[in-house]
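**Q** This is the structure I want to talk about, given as structure tokens.
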Amino acid sequence: MEVNDIKWKRVHHGFIDVPLIDYLENLVNEQYELGIKLKICVGTDSQKKGKGFSYASAIIIEMKVPLGGDVYKGVGAKVISGTYYEKFKSSKHRPSITERMLNEVQTSINVCYYLLDLIELYDIDLEIHADVNPNPMWASHVAFNQVKGYCEGMNIPYRVKPDAYAASHGADRWANKGVL
């Protein structure tokens with residue numbers, strides 16, 4: 001899925017009617033001018049809906065003010081979510097949990113690469129949050145090693161459950177609601 005094909009919305013502010021990169025650059029520039037340090041966390045989740053899956057990605061922009069040296073105080077976050085729907089390729093093919101988890105991570109990676117110039121320009125910390133569980137008692141564990149290897153191979157810092165809040169809380173909320 002291409003980032004520009006996703007319907008993006010700023011939580012509690014409505015749909016974004018300009019290119020996402022332009023919207024984010026304005027938002028980031030405002031914070032940068034205020035001296036606020038940013039970290040962007042990107043996560044994607046999916047839920048079965050009808051004859052396909054509803055995917056939701058969350059871009060969580062954490063804001064921190066410097067207290068001196070390497071010490072910062074958190075001052076909130078801004079949340080942007082985007083959704084899309086993907087039908088099963090055929091009535092006989094329903095993607096495995098591994099395929100879904102890899103598709104979620106691929107979507108998050110696509111968003112990260114879309115934002116890369118902005119991230120580098122403003123020296124923003126970046127993380128992917130993958131909705132997989134390291135505990136073998138959970139279904140998403142079957143994809144844990146593939147997702148871990150994929151993120152490491154792409155050289156993007158990542159987190160998995162229970163620390164992957166952009167995916168397991170931010171995106172999960174919107175995937176459960178369906179396409180915006």
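**Q** Could you tell me how many of the residues in the range 79-94 are crowded, with 17+ Cβ neighbours inside 10 Å and either of a type in the set (Gly, Ala, Ser) or over 20 Å from ASN4 (Cα atoms) (or both)?
**A** Going through the range 79-94 one residue at a time, the tally reaches 2.
**Q** Moving on. Does ILE109 count as closer than 20 Å to ALA164 by Cα, among the hydrophobic types (A, V, I, L, M, F, W, C) and assigned to a strand (DSSP E or B)? If you could, list the steps in order and put the result at the bottom.
**A** Values: closer than 20 Å to ALA164 by Cα: yes; among the hydrophobic types (A, V, I, L, M, F, W, C): yes; assigned to a strand (DSSP E or B): no.
Judged against the criteria, ILE109 is not a match.
**Q** Output the number of residues of the range 48-77 satisfying the condition of being of a type outside the set (Val, Ile, Thr), out of contact with any Gly (no Cβ under 8 Å at 6 or more places or on another chain) and within 20 Å of VAL11 (Cα to Cα).
**A** Kept after step one, since they are of a type outside the set (Val, Ile, Thr), are these residues of the range 48-77: 48-58, 62-64, 66-70, 72-74, 76-77.
With the extra rule that they be out of contact with any Gly (no Cβ under 8 Å at 6 or more places or on another chain), the set shrinks to 48, 50-53, 55, 67-70, 72-74, 76-77.
Now drop any that are not within 20 Å of VAL11 (Cα to Cα), which leaves 55, 74, 76-77.
Total meeting the criteria: 4.
**Q** What about VAL11, is it surrounded by 13 or more Cβ atoms within 10 Å (Cβ to Cβ), of a type in the set (A, V, I, L, M, F, W, C) and touching a Leu at 6+ places or on another chain (Cβ under 8 Å)? Full working, then the answer.
**A** Values: surrounded by 13 or more Cβ atoms within 10 Å (Cβ to Cβ): yes; of a type in the set (A, V, I, L, M, F, W, C): yes; touching a Leu at 6+ places or on another chain (Cβ under 8 Å): no.
Judged against the criteria, VAL11 is not a match.
**Q** Follow-up. Looking at (1) in a helix (DSSP H, G or I); (2) at positive phi, which is the one condition that is false for LEU115?
**A** (2)
**Q** From the list ASP17, ASP45, ASP22, which one is free of Cβ contacts under 8 Å to residues at least 24 places away in the same chain, outside any helix (DSSP H, G or I) and among the acidic types (Asp, Glu)? Please lay out each step first, then the result.
**A** Working: ASP45 fails: free of Cβ contacts under 8 Å to residues at least 24 places away in the same chain; ASP22 fails: outside any helix (DSSP H, G or I).
Criteria check complete, one pass: ASP17.
One line per residue, one yes/no per condition, for (1) in contact with a helix residue (DSSP H, G or I) (Cβ under 9 Å, 6 or more places away or on another chain); (2) exposed (fewer than 14 other Cβ atoms within 10 Å of the Cβ); (3) over 26 Å from CYS151 (Cα atoms):
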residue: VAL3; (1), (2), (3): yes, no, no
residue: ASN26; (1), (2), (3): no, yes, yes
residue: GLU30; (1), (2), (3): no, yes, yes
residue: LEU34; (1), (2), (3): no, yes, yes
residue: CYS41; (1), (2), (3): yes, no, no
residue: ASP45; (1), (2), (3): yes, no, no
residue: LYS49; (1), (2), (3): yes, no, yes
residue: PHE53; (1), (2), (3): yes, no, no
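**Q** Separate question: What are the residue pairs meeting all of these: first residue in the range 141-161, first residue under 22 Å from LEU115 (Cβ atoms) and buried (at least 18 other Cβ atoms within 10 Å of the Cβ), second residue among the acidic types (Asp, Glu) and modelled with pLDDT of 95 or more, Cβ atoms under 9 Å, and 6 or more apart or on different chains?
**A** Here the result reads ILE156/GLU127; TYR158/GLU127; ARG159/GLU127, each pair linking the range 141-161 to a residue that is among the acidic types (Asp, Glu) and modelled with pLDDT of 95 or more.
**Q** Could you list, in sequence order, the residues of the range 48-70 that are part of a strand (DSSP E or B) and among the small types (Gly, Ala, Ser)?
**A** GLY52, SER54, ALA56, SER57, ALA58, GLY68
**Q** May I pose another question? State all residues of the range 71-106 that are in contact with a helix residue (DSSP H, G or I) (Cβ under 9 Å, 6 or more places away or on another chain), among the polar types (S, T, N, Q) and assigned to a helix (DSSP H, G or I); if no residue qualifies, say none.
**A** Answer for the range 71-106, where residues must be in contact with a helix residue (DSSP H, G or I) (Cβ under 9 Å, 6 or more places away or on another chain), among the polar types (S, T, N, Q) and assigned to a helix (DSSP H, G or I): THR98, GLN106.
**Q** Being under 17 Å from the mean Cα position of the chain (by Cα) and of a type in the set (D, E, K, R) narrows it down to one residue among LYS64, LYS39; which is it? Steps first, please.
**A** Values: LYS64 fails: under 17 Å from the mean Cα position of the chain (by Cα).
So the residue among LYS64, LYS39 that is under 17 Å from the mean Cα position of the chain (by Cα) and of a type in the set (D, E, K, R) is LYS39.
**Q** Modelled with pLDDT under 95 and under 30 Å from LYS37 (Cβ atoms): does that describe TYR113?
**A** On the way: modelled with pLDDT under 95: yes; under 30 Å from LYS37 (Cβ atoms): yes.
The answer is yes for TYR113.
The values are calculated or read from the model by the stated rules, or taken from the named source; none is laboratory data. Computed from a prediction, not measured in an experiment: that's the story for all the values here. When we count neighbours, we look across all protein chains shown, and the Cβ atoms used for this are built from the backbone with ideal geometry, even at glycine.
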